[in-house]
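The values are calculated or read from the model by the stated rules, or taken from the named source; none is laboratory data. Quantities reported herein were computed from a predicted structural model and do not represent experimental measurements. Glycine gets a Cβ as well: all are built from the backbone with ideal geometry, and neighbour counts include every protein chain shown. We work out accessible area using only protein heavy atoms, side chains counted, and drop any ligands, DNA or RNA first. Shrake-Rupley method; radii C 1.70, N 1.55, O 1.52, S 1.80 Å.
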Amino acid sequence: MKILLALLFMASAAGAQQRSMVLASTTSTQNSGLLDVILPQFEASTGIHVFVVAVGTGQALRIAQNGDADAILVHHRASEDQFVADGFGIDRLDIMFNDFVIIGPKSDPAGISEALSAGQAFANISSSQSRFVSRGDNSGTHLRELEIWREAGLSPEYDGYLEVGSGMGTALNLASGLGAYILADRGTWLSFQNRGDLALLFEGGAEMINPYGYVRVDPARFAHIKSAEAEALGLWLTSSAGQAAIAGFRIMGVQLFCASGLAPPDQQNDQQGTCAAGALQR
Amino acid sequence: MNRLSFDKVSVYRNGKAILGPLDVALQADGITCLLGPNGAGKSVFLNLCHGMYAPDKGTVEWNGVAAVSTRMDRSFMFQSAAVMRRSVWANVAFPLVAQKVPRPERLERVLEALAFARLVDQASQPAASLSGGEKQRMALARAWVTRPKVILLDEPAANLDPGSTHALESMLHDIATKSGVIIATHNLPQARRLARHVLVFTNGKLAANMAADSFFNQSHTGQVADYLEGRI
Amino acid sequence: MDTLSAAWFLLIGMDADLLAIVSLSLKVSGFAVLYALILGAPVGAALAIWSFPGRQVLIVVFNSLMALPPVVVGLSVYLLLSRSGPLGDLGILFTPKAMIVAQTVLIFPIIVALTREAVKPVFREYRGLLVSLNASPFLVLRTVLWDARFGVVTALLAGFGRAVAEVGAVLIVGGNINGLTRVMTTTIALETSKGNLELAMALGVVLIVLALVMNALIYSISRIGLRFQEVRE
């Protein structure tokens, strides 16, 4: 048995020397490629390697609660505050934001591109009984979608409403295949390759803002938490270097995330107005 | 000196006695043939002799020691002997591995046994590729390689052609000069060629126990006569 | 056609990232098969050889465990290895070690059940010989396992196939961390979720090609073994 364990540990003994930490984050930050661009910059300046576990916001919070991550970068403010209030996290920081957009078939049978608010767009979708794909996975996007339904006084329990219980990309693939409407974060949408007949139909409005918060796990709860590393990442993400790195991230020339500390948005070279703050002016 | 004794031995299957009650005392040197119709108890008797299992009642002993605890002194060759999925060499060597015989001695004895069975040329072949006669000779070599005091054989030539049968019998004659041989057979001419002593079983009981000379040269009555004349 | 040519370019291009992903896939699943074999083959053989109370129950249990969804295995191993779990102090969650543990658990029942099937006929044939030679239990186990080795290779192949193809378990316990725990299947899932269907499919083709090569290799080895098996008429 001892030999077995020894073999097991030999299997991947390499690379254990460097300082590192585990960040539980969302698929939106990972799939868009943001973290692949900014974390190497953090590593270059601090020598700390960040291992990213990209899951839904709900699972990220759960992983952190179990002590399996050193910090989280997620996008559901109420859950983040609850996480801190429950004593799992400390030092919540505003890092960045982007916005949600409503995607749907180009023909737009529900006519949501004319809607004045996200709530009205949702109302049009349900009253026309159009298909709507919901993440249904307790992710930040899913929770926000439910909030929009609730604030519009609507119940999303109709025949065309499909809870798919999947990540953003998988849900978009489904929406593409079904010609359905879907609430997506702009970053994932912009980097999504399999659009088919889908198009961006609605954007803008306060309820569409999608803020990301960074919370590190309370080292008092778990002895093994890489507290110094997690603190360093928080400091760097809010530093001018980190904020500039976030604001500088582009996909096909489009900025995906607005750095929270670098308002106003026009200073972030947000030419296309994709920064949520720009969308606010709608 | 191989003194076999069965003392009030019975074996039951499903509540029915398939052997016994049986009392036998036998000097098992030379070749002893077990005769009798199917189901008369020859195989059960052989299994008990080897100590494959203990009888339900009574005792089976060799020179006063229970058969089950002295299996290593003997070898057993089954009617359809296992052809291990290995080379001929490895098949013959296996009993020596089981007895933890040191390697140099093992090599010497396997070679000797293979030569005895005239299988040296086939030593490295898969055992499965041997002919029927060769397989039985290999099984006999495997039984002989441990130098047992007694070899027990259950119908070893049942499916062999005359040539192969002859080869096997001449090996048995050789072996019998050094060890005891007990062989169950249906083949009366074979028993006549081999046996020094004969035991005849009918219905799980011993019907005859005598020297082969007198057995084959006298007339019989009762069940032995029925068996010899093919009525049972 | 696009997919096939993309797969072709991936294969001949084989950049460092892809190479790392492919080799991690092979390493994780390879070690998993090795450990499952070391642990599972004796158990399977023992189930074929000895009867003891509860043996039938164990056989049924192991047969049903073969149908265990990888996600459930992943979740169980996650809860085991989580810092809040009983083995949290090992600190191996989100590392290749955790993935090896999960896949070992996943394929252990396959190895047990298929080894049992492979050993059964061999033991039936050898039983008399082994008893007559007074073979020790260890020798019995060793002998039947060795002589059933070409059947055990089949178990190995089945186990490797299941391990290298599964995504649910490694995703949960490995976390699909770039450069650390990303394997072929999790990469395929990731690229699919990004909508990069061609790249995902091309990776799938690469996976199939690798599986083909592995299988052909092991199959040709096991062909040699067939010569040693008796054909009874």
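Please find, among C:Thr181, C:Thr154, the residue that is β-branched (Val, Ile, Thr) and part of a helix (DSSP H, G or I).
Working: C:Thr181 fails: part of a helix (DSSP H, G or I).
From the options C:Thr181, C:Thr154, the qualifying one is C:Thr154.
Among the candidates C:Leu171, C:Leu210, C:Leu157, which residue alone is within 14 Å of chain A (Cβ to nearest Cβ), touching a residue at least 12 places away in the same chain (Cβ under 8 Å) and within 17 Å of the chain's Cα centre (by Cα)? It is C:Leu171. Could you list, in sequence order, all residues of segment A:33-73 that are open to solvent by 10 Å² or more (accessible area, probe 1.4 Å), of a type in the set (S, T, N, Q) and within 26 Å of A:Gln255 (Cα to Cα)? Result: A:Gln41, A:Ser45, A:Thr46. For A:Glu207, the criteria (1) closer than 28 Å to A:Ala71 by Cβ; (2) crowded, with 21+ Cβ neighbours inside 10 Å; (3) touching a Ser or Thr at 6+ places or on another chain (Cβ under 9 Å); (4) at pLDDT below 90 hold in every case but one, which is (2).
Looking only at segment B:102-119, which residues are of a type outside the set (D, E, K, R) and either without any contact (Cβ under 8 Å) to a residue 24 or more places away in the chain or within 14 Å of chain C (Cβ to nearest Cβ) (or both)? Step through it out loud before you land on a result.
Within segment B:102-119, the subset of a type outside the set (D, E, K, R) is B:102, B:104, B:107, B:110-111, B:113-117, B:119.
The answer is B:Pro102, B:Pro104, B:Leu107, B:Leu111, B:Ala115.
Does C:Leu47 satisfy the condition of being touching a Gly at 6+ places or on another chain (Cβ under 9 Å), among the aliphatic types (A, V, I, L, M) and in a helix (DSSP H, G or I)? Write out each step before concluding.
On the way: touching a Gly at 6+ places or on another chain (Cβ under 9 Å): no; among the aliphatic types (A, V, I, L, M): yes; in a helix (DSSP H, G or I): yes.
Taking the combined requirement at face value, the residue does not satisfy it.
Quick check: is even one residue across segment B:102-119 open to solvent by less than 10 Å² (accessible area, probe 1.4 Å), of a type in the set (A, V, I, L, M) and farther than 30 Å from B:Ser164 by Cβ? Within segment B:102-119 (the criterion being open to solvent by less than 10 Å² (accessible area, probe 1.4 Å), of a type in the set (A, V, I, L, M) and farther than 30 Å from B:Ser164 by Cβ), the answer is no, since none of the residues qualifies.
Out of everything in segment C:71-91 that is of a type in the set (A, V, I, L, M, F, W, C) and touching a Leu at 6+ places or on another chain (Cβ under 7 Å), what residue ends up being farthest from the other protein chains (Cβ to nearest Cβ)? Can you show your working first?
To start, the set of residues in segment C:71-91 that are of a type in the set (A, V, I, L, M, F, W, C) comprises C:71-73, C:75, C:77, C:79-81, C:87, C:90.
Keeping just the survivors that are touching a Leu at 6+ places or on another chain (Cβ under 7 Å) gives C:73, C:80-81, C:87, C:90.
Working: C:Val73: 17, C:Leu80: 12, C:Leu81: 8, C:Leu87: 12, C:Leu90: 9 Å.
My answer is C:Val73.
Residues in segment C:126-141 that are farther than 15 Å from C:Ser51 by Cα and not hydrophobic (A, V, I, L, M, F, W, C) were compared, and the one that is farthest from the other protein chains (Cβ to nearest Cβ) is C:Ser136.
A search for C-beta distances below 8 Å between a residue of segment A:214-233 that is in the same structural domain as A:His75 (by TED's automatic domain parsing) and assigned to a loop (DSSP other than H, G, I, E, B) and any residue that is among the aromatic types (Phe, Trp, Tyr) and open to solvent by 30 Å² or more (accessible area, probe 1.4 Å), counting only pairs 6+ apart in sequence or on different chains, returns A:Asp218/A:Phe88; A:Arg221/A:Phe88. For B:Val68, work out the one condition from (1) open to solvent by 40 Å² or more (accessible area, probe 1.4 Å); (2) away from chain C (no Cβ under 14 Å) it doesn't fulfil. Looking at each condition in turn, B:Val68 falls short on (2).
Matching residues to (1) open to solvent by 50 Å² or more (accessible area, probe 1.4 Å); (2) among the basic types (Lys, Arg); (3) at pLDDT below 85:
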position	(1), (2), (3)
C:Leu129	no, no, no
C:Arg142	yes, yes, no
C:Leu156	no, no, no
C:Ala165	yes, no, no
C:Gly168	no, no, no
C:Asn176	no, no, no
C:Thr186	no, no, no
C:Leu190	no, no, no
C:Val205	no, no, no
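Kindly establish whether A:Ser176 is within 23 Å of A:Thr26 (Cα to Cα), small (Gly, Ala, Ser), in contact with a Lys or Arg (Cβ under 8 Å, 6 or more places away or on another chain) and not in a helix (DSSP H, G or I). So A:Ser176 fails the test. A single member of A:Ala206, A:Ala171 is over 15 Å from A:Asp91 (Cβ atoms), more than 13 Å from chain C (Cβ to nearest Cβ) and within 19 Å of the chain's Cα centre (by Cα), and it is A:Ala206.
Selection of segment B:120-146 for residues being loosely packed, with under 14 Cβ neighbours inside 10 Å and within 14 Å of chain C (Cβ to nearest Cβ) yields B:Ser124, B:Ser131, B:Gly132. The residue that is most open to solvent (accessible area, probe 1.4 Å), counting only those in segment B:88-101 that are facing chain C (nearest Cβ under 10 Å) and under 14 Å from B:Ala139 (Cβ atoms), is B:Ala90. Selection of strands (runs of 3 or more DSSP E) fully inside segment A:54-143 by the criterion of at least 3 residues being more than 14 Å from every other protein chain (Cβ to nearest Cβ) and under 15 Å from the mean Cα position of the chain (by Cα) returns A:89-105.
Please note which strands (runs of 3 or more DSSP E) are completely contained in segment B:1-91 and include at least 2 residues that are touching a Cys at 6+ places or on another chain (Cβ under 9 Å) and within 30 Å of B:Gln125 (Cβ to Cβ).
Details: elements: B:3-13, B:16-27, B:31-35, B:57-62, B:74-77.
Answer list for segment B:1-91: B:74-77.
The condition of being open to solvent by 30 Å² or more (accessible area, probe 1.4 Å) and either under 30 Å from A:Ser240 (Cβ atoms) or touching a Lys or Arg at 6+ places or on another chain (Cβ under 6 Å) (or both) does not hold for A:Leu116. Look at (1) within 14 Å of chain C (Cβ to nearest Cβ); (2) more than 27 Å from B:His173 (Cα to Cα) and you find that B:Lys16 fails only one, number (1). Taking (1) among the aliphatic types (A, V, I, L, M); (2) over 15 Å from B:Arg137 (Cα atoms); (3) at pLDDT 95 or above; (4) in contact with a Ser or Thr (Cβ under 6 Å, 6 or more places away or on another chain) in turn, B:Val181 satisfies each apart from (4).
Of all the listed residues (C:Leu37, C:Leu80), the sole one being without any contact (Cβ under 8 Å) to a residue 60 or more places away in the chain and surrounded by 15 or more Cβ atoms within 10 Å (Cβ to Cβ) is C:Leu80. Taken together, the residues in segment C:7-34 that are within 14 Å of chain A (Cβ to nearest Cβ) and surrounded by fewer than 20 Cβ atoms within 10 Å (Cβ to Cβ) amount to 7. Could you look through segment C:48-68, keep only residues that are of a type in the set (S, T, N, Q) and open to solvent by less than 70 Å² (accessible area, probe 1.4 Å), and pick out the one that is nearest to C:Val144 (Cα to Cα)? Among them, the one singled out is C:Asn63. Here B:Gly58 passes the criteria (1) more than 8 Å from every other protein chain (Cβ to nearest Cβ); (2) open to solvent by 50 Å² or more (accessible area, probe 1.4 Å) except the one numbered (2). Restricting attention to segment B:56-79, does a residue exist that is touching a Gly at 6+ places or on another chain (Cβ under 9 Å), over 20 Å from B:Ile183 (Cα atoms) and without any contact (Cβ under 8 Å) to a residue 40 or more places away in the chain? Yes, the conditions are met somewhere in segment B:56-79.
Given the criterion touching a residue at least 12 places away in the same chain (Cβ under 8 Å) and either within 12 Å of chain A (Cβ to nearest Cβ) or not in a helix (DSSP H, G or I) (or both), identify the matching residue among C:Phe94, C:Phe123. Answer to the selection: C:Phe94.
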